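Let me begin by presenting the structure, written as structure tokens, before commenting on it.
The values are calculated or read from the model by the stated rules, or taken from the named source; none is laboratory data. On a predicted model such as this, the values are computed, not experimentally measured, just so you know. For neighbour counting, all protein chains shown are included, and Cβ atoms are generated from backbone atoms with ideal geometry for every residue, glycine included. The protein model used for the area step is the full one, side chains on, heavy atoms only, and it has no ligands, DNA or RNA in it. Shrake-Rupley method; radii C 1.70, N 1.55, O 1.52, S 1.80 Å.
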Amino acid sequence: VMDAALPGNMKMESETKISLHPNYATTPYTLSEKEKIILEALQLQKVLTVGDIGQLLDQKTILPLIKSLYEKGCIVLREEVAESYKAKKEIFVKPAFDTEHKSTWQNLFEILEKAPKQSDILLAFKKLYKNEPILKRKLLKTANASSAALDGLVEKQILEVFEAEVDRVLIEDGKGWDYTLNAEQEKAIVSVKDLYKDRDVVLLHGVTGSGKTHVFMHMMDETISQGKQALYLVPEIALTAQLIQRLRAKYGKDIGIYHSKFNADERVEIWSKVLHKEYKIVLGVRSALFLPFAELGLLIIDEEHEHTFKQFEPAPRYHARDAGIFLMNLHGGKTLLGTATPSFDSYFNAQRNKYGLVKMHERFGNIQMPEIVLADLQQEHRKKSMKSHFSSVLYLEMQRVLAEGGQVILFQNRRGYAPLLECTSCGWTPTCQNCDISLTYHQSTHDIICHYCGYKEPSPKKCKACGNFTLKMLGYGTEKIEDELKIFFPEYKSLRMDQDTTRGKLAYSKIINAFEDGEAHILVGTQMVTKGLDFENVRLVGILNADQMLRYPDFRAVERSYQLMSQVSGRAGRRDIRGKVVIQTFNVNHPLFEYLLEHNYEGFYVNEIQERLDFKYPPFYKLVKISIRDEDQEKVKTAAHALADRLRDIYGPRVLGPEFPPVARIRGRYTMHIMLKFERRNMNMPEAKLVLQKEVENFKTSKEYKGVRIILDVDPY
Ligand SMILES: [Zn+2]
Ligand SMILES: [Zn+2]
């Protein structure tokens with residue numbers, strides 16, 4: 001958070017002035033004694049320099065304290081932000097002649113008859129010119145000409161070039177997008193506003209394609225018309241290219257985009273514009289919560305169920321939804337949560353009337369919900385009707401849709417080629433030297449790679465245990481699916497979208513644009529393809545391996561599987577054609593499918609929430625996960641058991657474990673988990689948390705376990 005929140009090149013010097021955050025009243029985070037002293041001093045003095053604080057505490061290194069307070073949203077740094085960065089400049093081209101007269105153009109083209117390259121540029125210029133200077137690189141690209149040719153035109157005093165500042169953040173052309181409201185959306189807005197009369201948080205539960213964005217935009221319009229700011233949180237900026245284009249088209253310079261990959265200069269720029277209300281709206285990732293908003297009236301959390309809203313590393317481990325709602329209390333503003341598949345936590349709060357609940361059932365333009373069918377892999381294997389990883393059901397549907405000119409999305413939540421190499425002679429499998437996990441084969445590089453720590457080595461040709469050339473690949477990732485498409489659907493082009501193909505800054509949007517423009521027929525991808533994309537022509541979605549998600553060892557696995565599958569299903573079908581979804585599974589009788597096939601979230605929730613109650617899980621119980629970590633496995637074991645015993649003395653059977661997680665060693669360090677389950681109803685949670693924290697702190701100081709890392713995570717994800 002720190003690096004994401006504190007503009008990096010904002011040098012803190014002893015003269016740097018610090019004051020309380022205008023909205024600071026209290027904070028959800030624990031404050032150290034020294035932090036409390038600083039805040040008290042600021043309440044009296046209003047403004048202190050870094051030097052003052054050093055004297056006050058009588059210590060030299062106070063930077064960590066300042067950063068920590070800043071990060072917790074308690075203070076602001078008063079530096080002339082605007083001067084500390086240089087705005088980015090671009091070269092523009094403008095005419096050096098009167099463009100109004102046709103005859104002038106005519107004359108110029110005649111003059112340039114013997115200079116075809118220069119003529120090309122002038123032609124491109126004529127096409128692009130709308131009485132405003134044109135970006136030099138755009139002009140050259142359009143004319144497909146060199147800088148030297150342009151220099152020729154400048155020498156002839158036909159065109160002029162000059163340098164000017166531009167908004168650093170790339171403004172892409174927003175496509176024409178109609179955002180008038182339909183009846184259901186209008187009703188939703190009325191309901192939301194009505195609920196805000198006596199509630200601070202409203203959950204907007206709208207099926208995919210119901211137009212939640214329309215509702216968000218109208219709510220933001222109202223907020224900024226009252227002179228307040230709005231913050232629009234999304235799980236990942238990279239996955240919102242289409243949304244950004246639309247918002248930019250509508251709000252222009254009033255909207256700022258904030259993500260964690262900006263460099264320091266860019267962050268300072270945004271930071272300053274937020275502070276001075278130049279940005280009325282910010283679209284950002286979770287750390288945007290820490291921007292210095294002058295007056296925040298509305299917080300929107302889109303796709304509120306996404307687990308990326310929870311920060312794991314580094315501390316503070318916060319959930320953006322909870323931290324955001326808390327922040328809005330300080331600002332006196334409202335929160336709007338949006339999703340097609342609410343998190344159980346939020347839906348639970350809505351059921352108990354803590355949050356308001358507004359539903360939208362219709363897909364935009366009355367598009368039907370897609371038809372979902374299951375492909376029974378057990379049966380298909382028995383009947384030998386599988387084509388490698390494609391069931392006959394999926395294969396035939398793909399053939400049909402592709403022949404009709406439609407597009408297909410295939411979802412496989414595993415990247416790489418094959419997750420497992422195994423020797424058929426002796427059973428040997430290559431594993432990571434730092435982690436307890438097998439290495440995934442990547443065909444593009446012929447490496448085997450650890451997806452936990454990034455360790456890689458060339459793929460072995462023969463077994464390293466018995467020396468036989470009998471290594472076999474098991475399982476399959478996106479890379480292999482892409483490969484097999486070339487065999488089974490050779491006449492159709494496919495694209496792959498996963499972590500490996502989207503590394504460059506623009507790689508992601510390139511893939512999206514190519515698919516949107518119909519340059520490929522099939523898009524294969526990991527969960528990147530499940531989110532926020534609107535493709536007109538996608539008629540079929542194939543989920544290749546539903547079981548892999550359901551088997552994930554976590555109490556939220558079923559909830560998440562439902563969310564993922566329902567989201568990716570939402571990509572199928574538009575306008576006049578009903579989309580189809582094929583889910584491949586060995587487990588057709590899993591209760592989840594019954595609800596998924598009927599698009600029955602409520603039914604699913606009612607069924608699954610009972611399990612949560614029966615097995616003592618959230619939202620009925622509060623979970624606290626304690627991770628004990630060290631390079632020495634024995635030390636981890638003894639420390640974990642000692643701590644668990646001590647906690648058991650206090651909390652009794654609420655303490656579970658310690659246990660090794662499925663992947664016990666990551667990056668050379670072993671981890672054990674202790675889990676605590678607190679019943680919400682009879683416990684004073686803040687107090688229980690404090691006692692627990694103290695207990696863990698005490699434990700850390702004992703000499704025996706020196707150096708062992710202990711991490712406390714409330715509401716782990
Ligand atoms: Zn590893
Ligand atoms: Zn072997």
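Here are some notes:
- Here each label is just a point 7 Å from Cα along the line to Cβ, and for Asn600 and Gln368 those points are 1.9 nm apart.
- log10 of Debye I(q)/I(0), alpha-carbon scatterers only, for the stretch 17-78 at 0.22 Å⁻¹: -0.83
- Length added when fully stretched, Ile111-Arg503, from 0.36 nm per residue minus Cα-Cα: 136.4 nm
- Sites Thr49 and Lys277 - FRET efficiency at Förster radius 22 Å, r taken between beta-carbons, to 0.05: 0.25
- Projected-area average for the stretch 183-362 over all orientations - Cα convex hull basis, square nanometres: 10.0 nm²
- A viscosity of 1.306 mPa s and a temperature of 10 °C, combined with the Kirkwood radius over Cα pairs in Stokes-Einstein, give a translational diffusion coefficient for the stretch 451-593 of 90 µm²/s.
- Surrounding net charge for Ala520, when Lys and Arg each add one and Asp and Glu each subtract one, Cβ distance under 12 Å: -1
- Three-way shape label, the stretch 217-312, alpha-carbon gyration tensor, a/c 1.5: rounded
- For the chain, Cys74, Cys453 stand unpaired, since no other cysteine beta carbon lies under 4.7 Å from theirs.
- Taking only protein heavy atoms and a 1.4 Å probe, the accessible area of the stretch 17-78 is 53% carbon and sulfur.
- Volume per residue of the C-alpha convex hull in the chain, rounded to whole Å³: 219 Å³
- Angstrom value of the Kirkwood radius, inverse mean 1/r, which spans all Cα pairs in the stretch 309-410: 18.6 Å
- Whole-percent carbon and sulfur share, accessible surface of the stretch 89-165, 1.4 Å: 48 percent
- Cleavage-rule hits, trypsin sites (Lys or Arg not before Pro), the stretch 385-468, DSSP coil, Cβ neighbours within 10 Å at most 16: Lys461, Lys462, Lys464
- Inter-probe distance in nm under a simple model that places probes 7 Å from Cα toward Cβ, at Gln433 and Lys706: 3.0 nm
- Qualifying GluC sites (Glu not before Pro) in the stretch 377-435, where qualification requires a DSSP coil assignment and no more than 13 other C-beta atoms within 10 Å, comprise Glu404.
- Remark: relative contact order (the stretch 89-165) = 53 percent; criterion is Cα-Cα distance under 8 angstrom and separation of 6 or more residues.
- Expressed as a whole percent, the accessible surface of the stretch 252-376 that belongs to carbon and sulfur atoms is 48, based on a 1.4 Å probe.
- For the stretch 621-714, the Cβ-based charge dipole about the Cα centre amounts to some 240 debye (Lys, Arg positive; Asp, Glu negative; other atoms uncharged).
- Loop-located GluC sites (Glu not before Pro) in the stretch 280-342 whose Cβ has at most 16 other Cβ within 10 Å (DSSP): Glu295
- Full-extension gain in nm, Glu536 to Asp151, via 0.36 nm per residue minus C-alpha separation: 134.2 nm
- Estimated dipole of the chain in Debye, rounded to 20 [Cβ of Lys and Arg +1, of Asp and Glu -1, Cα centre]: 920 debye
- With contacts taken as Cα pairs under 8 Å at a separation of at least 6 residues, the stretch 621-714 carries a relative contact order of 44 percent.
- Calculated mean residue ellipticity at 222 nm for the chain: -11000 deg cm²/dmol, from DSSP H runs with n ≥ 4 weighted as -39500 (n - 2.57), summed, divided by the residue count and rounded to 500.
- The stretch 333-350 - phi-based ³J(HN,Hα) in whole Hz, Karplus 6.51/-1.76/1.60, Gly and Pro as x: x, 10, 10, 10, 9, x, 5, 8, 9, x, 5, 4, 4, 6, 5, 4, 5, 6
- Percent of C-alpha pairs per 10 Å bin, the stretch 621-714, short to long: 17, 52, 26, 5, 0
- Equivalent ellipsoid semi-axes - Cα gyration tensor, the stretch 413-467, angstrom: 18, 12, 10
- Summed over the residues of the chain and divided among them, the accessible surface reaches 48 Å² per residue at a probe radius of 1.4 Å.
- Remark: spin-label model distance Ser32-His361 equals 5.6 nm, labels positioned 7 Å along the Cα→Cβ axis.
- Förster radius 30 Å - calculated FRET efficiency between Thr308 and Asn589, Cβ distance, rounded to 0.05: 0.40
- Principal semi-axes of the equivalent ellipsoid, √(5λ) from the alpha carbon gyration tensor of the stretch 89-165, are 18, 14, 11 Å from largest down.
- Relative to the current alpha-carbon distance between Thr61 and Ser260, full extension at 0.36 nm per residue lengthens the span by 69.0 nm.
- Based on Cα contacts under 8 Å between residues 6+ apart, the chain shows a relative contact order of 11 percent.
- Charge sum, other residues only, whose C-beta stays under 11 Å from Pro716's C-beta, Lys/Arg counted +1 and Asp/Glu -1: +2
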